[in-house]
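Student: What follows is a single structure, and I will ask about it in a moment.
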Amino acid sequence: MTDHERARPEQLRTFEWAPVRGVWRRELALFRRYWASSSFASIIEPTIYLLAFGFGFGSLVGHVAGYRYVDFVGTGVVATATLFTSVFPGMFNTYIRRTYQHSYDAVLAAPVDVHEVVAGEASWIAVKSGVYSCAPILVSLAFGLRPDIGVIAVPIFTVLTAAGFALFGIWASTVVPSINSFDYIISGVLAPLFLVAGTFFPISGLPHWAHPIAHVNPLYHCVELVRHAVFGFHPLADLGHVGALVVFAALMWFLAVRGMRRRLID
């Protein structure tokens, strides 16, 4: 090896798994400190939604779209739990670590690139959210839900959905001027997504002009996939739902990496 080769710094590959594993180890170390409170909030909140809407409105409605209302809500709340347990960590954790704690300054001092940090954090959030989001299914089982064998695919759909929303949250953290500006995103973006997804009522009950909006809502596609997994797959339609979630995640990946690179390096 020549002196020039010894002096030349090692170049990072396009993507390396070692930095991603390092991000996971850091997240796991942090999770061991707050797992109890995080798990409590992530499991209890969607369970309360299920009990309140499923048995509150369920006593008045009975059946919706051919399902018992408690089953209809129980499967829909899975997607809602996926949204909130992924997008909030993506937004707030990323903003706090970048702006107040300056954690990324230390991380990027190692041989780690921005896209590897984003991949590590988004995948960690997605897996954690995907697992937590299955809690309403377990609660529904106790109240008479009789799922199809396809229910075992629910974590796959929730992890895919959570990955997209975690990346959305990371991207959102790079465009807001202050942490208080997240209120605009929560009220102006997340609340409509939450309500126009077929979680608590079928989208067929919405005005006709709202149907196209619902169909471009990633959360709607997650709701449909979860319901079909529990009650019976619709292969062609479900391929479309999966494709929509993949496109959403890919777009958010591009925006999140570009936004973080602009904030941390450019």
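The values are calculated or read from the model by the stated rules, or taken from the named source; none is laboratory data. Quick caveat, the model's predicted, so the values are computed rather than measured. A quick note on method: Cβ atoms are made from the backbone with ideal geometry, for glycine too, and the neighbour counts reach across all protein chains shown. Please note that ligands, DNA and RNA were not included when accessible areas were found on the heavy atoms of the full protein model with its side chains. Shrake-Rupley method; radii C 1.70, N 1.55, O 1.52, S 1.80 Å.
Student: Which members of segment 208-228 meet the condition of being open to solvent by 60 Å² or more (accessible area, probe 1.4 Å) and either within 21 Å of the chain's Cα centre (by Cα) or under 17 Å from residue 65 (Cβ atoms) (or both)?
Tutor: So the first thing to find is which residues in segment 208-228 are open to solvent by 60 Å² or more (accessible area, probe 1.4 Å), and the list is 208-209, 212-213, 215-216.
Within segment 208-228, 213, 215, 216 qualify.
Student: Only one of these conditions is not met by residue 130: (1) farther than 29 Å from residue 264 by Cβ; (2) surrounded by 22 or more Cβ atoms within 10 Å (Cβ to Cβ). Which number is it?
Tutor: In the conditions (1) farther than 29 Å from residue 264 by Cβ; (2) surrounded by 22 or more Cβ atoms within 10 Å (Cβ to Cβ), residue 130 misses (1) alone.
Student: Which one of these does residue 154 not meet: (1) closer than 21 Å to residue 239 by Cα; (2) of a type in the set (A, V, I, L, M); (3) modelled with pLDDT of 95 or more?
Tutor: Among (1) closer than 21 Å to residue 239 by Cα; (2) of a type in the set (A, V, I, L, M); (3) modelled with pLDDT of 95 or more, the lone unmet condition for residue 154 is (3).
Student: Give the residue that is most open to solvent (accessible area, probe 1.4 Å), with candidates limited to residues of segment 229-255 that are touching a residue at least 40 places away in the same chain (Cβ under 8 Å) and not in a helix (DSSP H, G or I).
Tutor: Ranking the candidates gives 233 first.
Student: Another one. From the list 89, 177, pick out the single residue that is modelled with pLDDT under 95, open to solvent by 10 Å² or more (accessible area, probe 1.4 Å) and not in a helix (DSSP H, G or I).
Tutor: 177
Student: If I filter segment 102-114 for residues that are under 29 Å from residue 261 (Cα atoms) and of a type in the set (D, E, K, R), do I get at least one hit? Quick ask: steps written out before the conclusion?
Tutor: Step one: list which residues in segment 102-114 are under 29 Å from residue 261 (Cα atoms), which gives 102-114.
Then drop every residue that is not of a type in the set (D, E, K, R), which leaves 105, 113.
Yes, because at least one residue in segment 102-114 is under 29 Å from residue 261 (Cα atoms) and of a type in the set (D, E, K, R).
Student: Take residue 203 and decide whether it is closer than 25 Å to residue 137 by Cα, without any contact (Cβ under 8 Å) to a residue 24 or more places away in the chain and surrounded by fewer than 20 Cβ atoms within 10 Å (Cβ to Cβ). Break it down stepwise before answering.
Tutor: Details: closer than 25 Å to residue 137 by Cα: yes; without any contact (Cβ under 8 Å) to a residue 24 or more places away in the chain: yes; surrounded by fewer than 20 Cβ atoms within 10 Å (Cβ to Cβ): yes.
So residue 203 passes the test.
Student: Okay, next question. State the number of residues belonging to segment 138-162 that are touching a Leu at 6+ places or on another chain (Cβ under 7 Å) and under 19 Å from residue 38 (Cα atoms).
Tutor: The number of residues fulfilling the criteria is 1.
Student: Now, a different point. Between 82, 75, which is more than 28 Å from residue 121 (Cβ to Cβ), in contact (Cβ under 8 Å) with a residue 12 or more places away in the chain and either buried (at least 18 other Cβ atoms within 10 Å of the Cβ) or under 16 Å from the mean Cα position of the chain (by Cα) (or both)? Even if it seems obvious, please write down each step before you answer.
Tutor: Details: 82 fails: more than 28 Å from residue 121 (Cβ to Cβ).
Only one candidate qualifies: 75.
Student: Checking the structure you have, find out if any residue of segment 92-99 is open to solvent by 20 Å² or more (accessible area, probe 1.4 Å), closer than 30 Å to residue 197 by Cβ and either without any contact (Cβ under 8 Å) to a residue 40 or more places away in the chain or among the hydroxyl-bearing types (Ser, Thr, Tyr) (or both).
Tutor: Within segment 92-99, the subset open to solvent by 20 Å² or more (accessible area, probe 1.4 Å) is 92-93, 96-99.
With closer than 30 Å to residue 197 by Cβ added as a condition, the list becomes 92-93, 96-98.
Those left that are additionally either without any contact (Cβ under 8 Å) to a residue 40 or more places away in the chain or among the hydroxyl-bearing types (Ser, Thr, Tyr) (or both): 93, 97.
Yes - at least one qualifying residue is present in segment 92-99.
Student: Out of everything in segment 29-67 that is under 22 Å from residue 224 (Cβ atoms) and open to solvent by 40 Å² or more (accessible area, probe 1.4 Å), what residue ends up being modelled with the highest pLDDT?
Tutor: 67
Student: Does residue 194 fit the bill of being open to solvent by 60 Å² or more (accessible area, probe 1.4 Å), under 25 Å from residue 71 (Cα atoms), in contact (Cβ under 8 Å) with a residue 24 or more places away in the chain and not acidic (Asp, Glu)?
Tutor: Details: open to solvent by 60 Å² or more (accessible area, probe 1.4 Å): no; under 25 Å from residue 71 (Cα atoms): yes; in contact (Cβ under 8 Å) with a residue 24 or more places away in the chain: yes; not acidic (Asp, Glu): yes.
Answer is no for this residue.
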